[in-house]
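As structure tokens, the structure follows; a few thoughts come after it.
Nothing in this text is a laboratory measurement; each read-out follows from the coordinates by a stated rule. Not measured: the values here are computed from a predicted model. Here the Cβ is made from the backbone with ideal geometry for all residues, glycine too, and neighbour counts use every protein chain on show.
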Amino acid sequence: MDTPDVSCKSMAVGDSVSEDMAWSLVWGVGGLLLLVWALRTLNWAWWTPRRLERALRAQGLNGTPYRFPKGDLKENVRLAEEALSTPMPLTHNIVPHVLPFLHRAIDEYGKICFTWFGPVPRVTIMDPELVREVLSNKFGHFGKPKGNLLGRFLVRGLVSYEGEKWVKHRRIMNPAFHVEKLKVTRCPCWR
């Protein structure tokens, strides 16, 4: 009397269940990663700009409203193309022709205003005393902009350094720009 081998069948069913659990785990982790990525993107492109806009308006600044996802880039390009299509007037007032979007924002919102470059607000300050105060502030709030990873890899040097690293490299570079050394490098036509 032959009995069927039940252990082989149960083993095959067990393999199928563990394989299904493995795929469920893979899909679950993949779905979780996709959800985290979507939330981070939504935070970067929508929630943070809206929060920054409320904070800027609470401080009394006026500016363009944030437009998802490009900010004012479309309007900036449109005004630049429009300015380039017209001939430049023979005056010293070149700002409306060279920076038409910024000129319009200053006319519309005042000498201290903000515009959007994608999801990043750009604050424009046209008051010389306030500009001097912002740039001479030693609190460290006005630092060099942080580029993306590729930009930081390609652009290294005195321009991108800050703090002690900048001081060290500035000391190394400073003698090269002494007046006597620069005179040697001048073009013969300037002599």
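Put a dot 7 Å past the Cα of residue 77, heading toward its Cβ, do the same for residue 165, and the two dots end up 3.4 nm apart. Segment residue 35..residue 21, full-extension length gain: 3.0 nm, with 0.36 nm per residue of separation and the alpha-carbon distance subtracted.
Each principal axis of the Cα cloud of region 15-142 was evaluated for its coordinate range; sorted largest first, these ranges are 82, 42, 23 Å. Gain on full extension, evaluated as 0.36 nm per residue between residue 133 and residue 98 minus their Cα-Cα distance, stands at 9.9 nm. Were the residues from residue 52 through residue 109 laid out at 0.36 nm apart, the gain over their Cα-Cα distance would be 18.8 nm. Computed from the Cβ-Cβ distance with R0 of 30 Å, the FRET efficiency linking residue 45 to residue 84 stands at 0.55.
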